[in-house]
Amino acid sequence: KQILFPFANSNNWQRIIDNNSSSGNNNNGVNYLPPMEDVNSPDLYIPIMGLVTYILIWNTQQGLQGSFNPENLYYKLSSILAFVGLDLFILKLGLYLLVNTNSPTTSITELVCYVGYKFVPLTLALFFPVQPLWISMLGKIYLFIAFGVFLLRSVKFNLFNNSNDEMGSVNKSTVKKCNYFLFVYGFVWQSVLMCLKGKKY
């Protein structure tokens, strides 16, 4: 629901700090509630299962078209992992250059989750019919926009320790640059990536 219908979420996108825990689970010693108790908490289960589902459905469709090749499984997996690695590198590098290195930012594991969530709309996009073309295009455009909004809000509101005070202490020009970067990354770059991944190789 968060990924596919981010417009319906009018609540806070920030993660909830677990005040009852004495040990921290990230680089700044803050402990957050687990995904079962906080919908905004990154969870690797969805990206991993989304990746597996996407590859299996893509290859099933290839088989139904009479063009299945066992090597496609390896080829598709390797190409996707390469794209994910590039995607993660760009996101991490952009945040590192834009955000003060002294400010706590999201960890690599959390960024992997955000990057991997794209397999949810990618998998659903495989089910759109080729004809009529306008229905397929409208559906895919919506999925890409929805994921862009989800990614922008999820990363933006969790950059600085999920604290409004921390956000307020950050230079406004830095926040503005981060907003521009996340907009381009979330909408333009993600749309390009998902179009490339959705191609029939």
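Put simply, of LYS140, LYS176, LYS118, LYS199 the only residue that is modelled with pLDDT under 75 and among the basic types (Lys, Arg) is LYS199.
Can you confirm whether SER41 is over 20 Å from LYS140 (Cβ atoms) and at pLDDT below 85? It is false that SER41 is over 20 Å from LYS140 (Cβ atoms) and at pLDDT below 85.
When restricted to residues that are in contact (Cβ under 8 Å) with a residue 40 or more places away in the chain and of a type outside the set (Val, Ile, Thr), region 128-151 contains 7.
Provide a single number: the residues in region 48-76 that are under 19 Å from CYS113 (Cβ atoms) and open to solvent by 50 Å² or more (accessible area, probe 1.4 Å). Can you show your working first?
Residues of region 48-76 that are under 19 Å from CYS113 (Cβ atoms), as a first pass: 48-55.
Subsequent filtering for residues that are open to solvent by 50 Å² or more (accessible area, probe 1.4 Å) retains 48-49, 52-53.
Count: 4.
Taken together, the residues in region 104-157 that are of a type in the set (Ser, Thr, Tyr), surrounded by fewer than 17 Cβ atoms within 10 Å (Cβ to Cβ) and in a helix (DSSP H, G or I) amount to 3. List the pairs whose first member sits in region 56-83 and is without any contact (Cβ under 8 Å) to a residue 60 or more places away in the chain, whose second member is surrounded by 14 or more Cβ atoms within 10 Å (Cβ to Cβ) and among the β-branched types (Val, Ile, Thr), and whose Cβ atoms are under 8 Å apart, counting only residues at least 6 apart or on separate chains? Listed by first residue and then by second, the contacts come to LEU73/ILE55; LEU77/ILE55.
The values are calculated or read from the model by the stated rules, or taken from the named source; none is laboratory data. Keep in mind it's a predicted model, so treat the numbers as computed, not measured. All Cβ positions, glycine included, derive from the backbone under ideal geometry; neighbour counts span all protein chains shown. Just so you know, the surface numbers come from the protein's heavy atoms only, side chains and all, with ligands and any DNA or RNA stripped out. Shrake-Rupley method; radii C 1.70, N 1.55, O 1.52, S 1.80 Å.
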